[in-house]
């Protein structure tokens with residue numbers, strides 16, 4: 001027998017669903033690319049919560065695409081195997097031994113873990129990388145960095161086929177170089193390129209910070225491309241936020257409608273952003 005205890009929690013839950021209707025209608029059929037950083041993956045419970053959000057998005061008629069990172073997992077495996085990395089200007093040189101580990105960790109452990117989490121929640125997900133079906137073709141980003149790529153062409157054929165089959169793509173940030181070599185790619189860069197290639201309605205960059213902060217340290221909830229450029233020029237945007245905002249600008253130029261930088265450690269961060277008035281993080285149009 002169902003409980004008839006109409007406590008405030010249930011009333012609030014029902015009201016939240018009611019208030020979400022305009023957003024559910026708004027995003028019906030929309031493509032949303034989600035970049036989940038390695039630092040934002042958290043615990044198994046957090047992974048399951050994220051997976052439920054993604055399955056719910058698909059159930060509501062959206063086409064979610066998950067692009068994942070895995071830097072901490074790669075570092076742990078390199079240490080375990082005794083592979084020492086060299087760096088140029090703070091950036092890791094990716095040699096053949098390193099790229100083998102990167103592919104093993106990203107396409108194997110991390111990608112399959114994410115796809116499995118989505119499948120456990122009742123969705124249908126498949127893990128792939130940019131090497132599959134010619135999804136991501138690359139040039140070398142910088143010869144000094146070795147096997148590191150920058151996307152030059154996105155062939156979304158396989159993604160559109162997965163959408164038609166009600167399957168959620170989970171993409172590892174690897175691509176194919178000019179001579180067929182495997183190249184490691186920055187995860188944010190891949191997410192931005194995929195979003196542009198699909199002309200996505202939203203690109204959500206889930207990270208371990210709560211958005212873009214102004215000079216006073218306050219999170220700015222909405223920004224234009226021009227404001228991003230000004231804040232970068234005057235040093236307000238600095239460090240690790242620069243590549244994220246650059247990814248956002250490139251995605252917008254490529255045809256993505258809007259980009260949000262938000263804290264992936266917050267429970268249900270994607271749902272807060274997409275289906276509530278409150279939103280989450282910094283929206284860049």
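The values are calculated or read from the model by the stated rules, or taken from the named source; none is laboratory data. What you see is a predicted model, and the numbers here were worked out from it, not measured in a lab. Counting neighbours? That spans all protein chains shown, and the Cβs are built from the backbone with ideal geometry, glycine included.
Sub-8 Å Cβ pairs linking a first residue in segment 143-169 that is on the phi < 0 side of the Ramachandran plot and surrounded by fewer than 16 Cβ atoms within 10 Å (Cβ to Cβ) to a second residue that is in a strand (DSSP E or B) and at pLDDT below 95, at least 6 apart or interchain, are 144/88, ordered by first then second residue. Per this entry, residue 193 is not counted among residues that are touching a strand residue (DSSP E or B) at 6+ places or on another chain (Cβ under 9 Å), buried (at least 24 other Cβ atoms within 10 Å of the Cβ) and more than 29 Å from residue 119 (Cβ to Cβ).
The criterion of being part of a strand (DSSP E or B) and touching a strand residue (DSSP E or B) at 6+ places or on another chain (Cβ under 9 Å) does not hold for residue 178. Determine whether residue 46 is within 17 Å of the chain's Cα centre (by Cα) and buried (at least 19 other Cβ atoms within 10 Å of the Cβ). The answer is no for residue 46. Scanning segment 78-99 for residues that are assigned to a helix (DSSP H, G or I), touching a residue at least 12 places away in the same chain (Cβ under 8 Å) and surrounded by fewer than 18 Cβ atoms within 10 Å (Cβ to Cβ) turns up 81, 96, 97. So which residues in segment 197-230 are buried (at least 21 other Cβ atoms within 10 Å of the Cβ) and over 18 Å from residue 36 (Cβ atoms)? Across segment 197-230, the qualifying residues are 197, 212, 223, 228. Looking at residue 54, is it surrounded by 12 or more Cβ atoms within 10 Å (Cβ to Cβ), in a strand (DSSP E or B) and in contact (Cβ under 8 Å) with a residue 40 or more places away in the chain? The answer is no for residue 54. It is to be established whether one or more residues within segment 40-50 are outside any helix (DSSP H, G or I), more than 17 Å from residue 186 (Cβ to Cβ) and either at pLDDT 95 or above or out of contact with any strand residue (DSSP E or B) (no Cβ under 8 Å at 6 or more places or on another chain) (or both). Checked against the condition, which is being outside any helix (DSSP H, G or I), more than 17 Å from residue 186 (Cβ to Cβ) and either at pLDDT 95 or above or out of contact with any strand residue (DSSP E or B) (no Cβ under 8 Å at 6 or more places or on another chain) (or both), segment 40-50 yields at least one hit. Selection of segment 61-77 for residues being surrounded by fewer than 19 Cβ atoms within 10 Å (Cβ to Cβ) and assigned to a loop (DSSP other than H, G, I, E, B) yields only 61. Go through segment 102-139 residue by residue and tally those that are surrounded by fewer than 21 Cβ atoms within 10 Å (Cβ to Cβ) and within 27 Å of residue 43 (Cβ to Cβ). Total satisfying the criteria: 14. Counting the residues of segment 19-39 that are part of a loop (DSSP other than H, G, I, E, B) and under 21 Å from residue 106 (Cα atoms) gives 1. Within segment 153-168, can one find any residue that is in a strand (DSSP E or B), modelled with pLDDT of 95 or more, within 15 Å of residue 106 (Cα to Cα) and in contact with a helix residue (DSSP H, G or I) (Cβ under 8 Å, 6 or more places away or on another chain)? Looking through segment 153-168, none of the residues is in a strand (DSSP E or B), modelled with pLDDT of 95 or more, within 15 Å of residue 106 (Cα to Cα) and in contact with a helix residue (DSSP H, G or I) (Cβ under 8 Å, 6 or more places away or on another chain). When we screen 255, 217, 239 for residues that are without any contact (Cβ under 8 Å) to a residue 12 or more places away in the chain, on the phi > 0 side of the Ramachandran plot and within 20 Å of the chain's Cα centre (by Cα), the only hit is 239.
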